[in-house]
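The values are calculated or read from the model by the stated rules, or taken from the named source; none is laboratory data. Fair warning: this is a prediction, and the values are worked out from it, not measured in the lab. We place every Cβ from the backbone using ideal geometry, glycine too, and count neighbours over all the protein chains shown.
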Amino acid sequence: MSTAPDPDRGPRLPEVGSLPPITVEGRVARLRARLADEGIDAFATVDPVSRRWLSGFTGSSGLLLVADRVTLFTDGRYGEQARAELARAHSSAAVEVVSDPVAAAAGRVTGGRLALEADRITWAEQRRWAEACPADLVAWTGVVDEMRAVKSPAEVARMAAAAAIASAALAEVLDEGVEGRTEREIAAALDAAMARRGADGPAYDTIV
């Protein structure tokens, strides 16, 4: 997200270059520590949020395996994108383009205990893992969510920048006046004002 200030309205916003960098290696280290505490040897996820948080990859298809090494398995549509995004996130994970991520990942787990996000996979997917992987499967629920709830200074800085963008956008729209405008028009104006200030998009549909 670029946070260049709007030259005409609102307070000066922080430049993206002034924000501390976000890296994923510290997140993976925290996950590894949790795995070790619970006697678990590896972790795999296909959840888009967990996958992005731990690697930086934003594509719609992929499986992240944290074992002796971290590997992102994805299909041919996303190989180039995955390598670029992981580099930007300072991730040391390897990227492998495969046709069957579960089979590829299961082949890297030689035994021990493998944690899966039980609330993020289907029964059919769990059965595939059970058949393909020699490890004992462990159901994890909410573990990565708990870790994500503890924000790093870099994340807090971006949340503050996003709040500043939203506040400046609201001030602009209010200055322009809302009388005689529909709720849809005001919502569109807010979205446009945030976009002009560098927002990728609203966190959720704008409600007026």
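Are there any pairs, at least 6 apart or on different chains, whose C-beta atoms fall under 8 Å, with the first in the stretch 112-131 and on the phi < 0 side of the Ramachandran plot and the second hydroxyl-bearing (Ser, Thr, Tyr) and assigned to a helix (DSSP H, G or I), and if so, which?
What qualifies is Glu117/Ser50; Arg120/Ser50.
Restricting to the stretch 71-81, give me the number of residues that are closer than 17 Å to Val28 by Cα and either out of contact with any helix residue (DSSP H, G or I) (no Cβ under 6 Å at 6 or more places or on another chain) or outside the structural domain of Ala103 (by TED's automatic domain parsing) (or both).
1
So Glu125 fits all but one of (1) part of a helix (DSSP H, G or I); (2) modelled with pLDDT of 95 or more; what number is the exception?
(2)
Hey, among Asp175, Asp136, which residue is touching a residue at least 12 places away in the same chain (Cβ under 8 Å) and in contact with a strand residue (DSSP E or B) (Cβ under 7 Å, 6 or more places away or on another chain)?
Testing whether each residue is touching a residue at least 12 places away in the same chain (Cβ under 8 Å) and in contact with a strand residue (DSSP E or B) (Cβ under 7 Å, 6 or more places away or on another chain) leaves just Asp136.
Every residue, every condition in (1) of a type in the set (A, V, I, L, M); (2) closer than 30 Å to Ala42 by Cβ, yes or no:
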| residue | (1), (2) |
| --- | --- |
| Arg127 | no, yes |
| Asp175 | no, no |
| Arg181 | no, no |
| Glu185 | no, no |
| Ala189 | yes, no |
| Ala195 | yes, no |
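Sort out which residues of the stretch 87-106 are farther than 21 Å from Arg52 by Cβ and surrounded by fewer than 13 Cβ atoms within 10 Å (Cβ to Cβ), and write them in order of number.
Ser99
Return the pairs, sorted by first residue and then second, in which the second residue is among the charged types (D, E, K, R), the first residue lies in the stretch 181-208 and is loosely packed, with under 13 Cβ neighbours inside 10 Å, the beta carbons are less than 9 Å apart, and the residues are 6+ apart or on different chains.
Taking only residues 6 or more apart or on different chains, the pairs are Gly201/Asp191; Ile207/Glu183.
What are the pairs with Cβ atoms under 7 angstrom where one residue, in the stretch 73-94, is at positive phi and the other, located anywhere, is surrounded by fewer than 19 Cβ atoms within 10 Å (Cβ to Cβ) and among the charged types (D, E, K, R)? Sequence gap at least six, or different chains.
His90/Glu25
Tell me which of these Val156 doesn't satisfy, since it passes every other one: (1) under 18 Å from the mean Cα position of the chain (by Cα); (2) closer than 19 Å to Val66 by Cβ.
Here Val156 meets the rest and fails (2).
Among the residues of the stretch 108-151 satisfying the criterion of being surrounded by 14 or more Cβ atoms within 10 Å (Cβ to Cβ) and of a type in the set (Phe, Trp, Tyr), which is nearest to the chain's Cα centre (by Cα)?
So the residue we want is Trp140.
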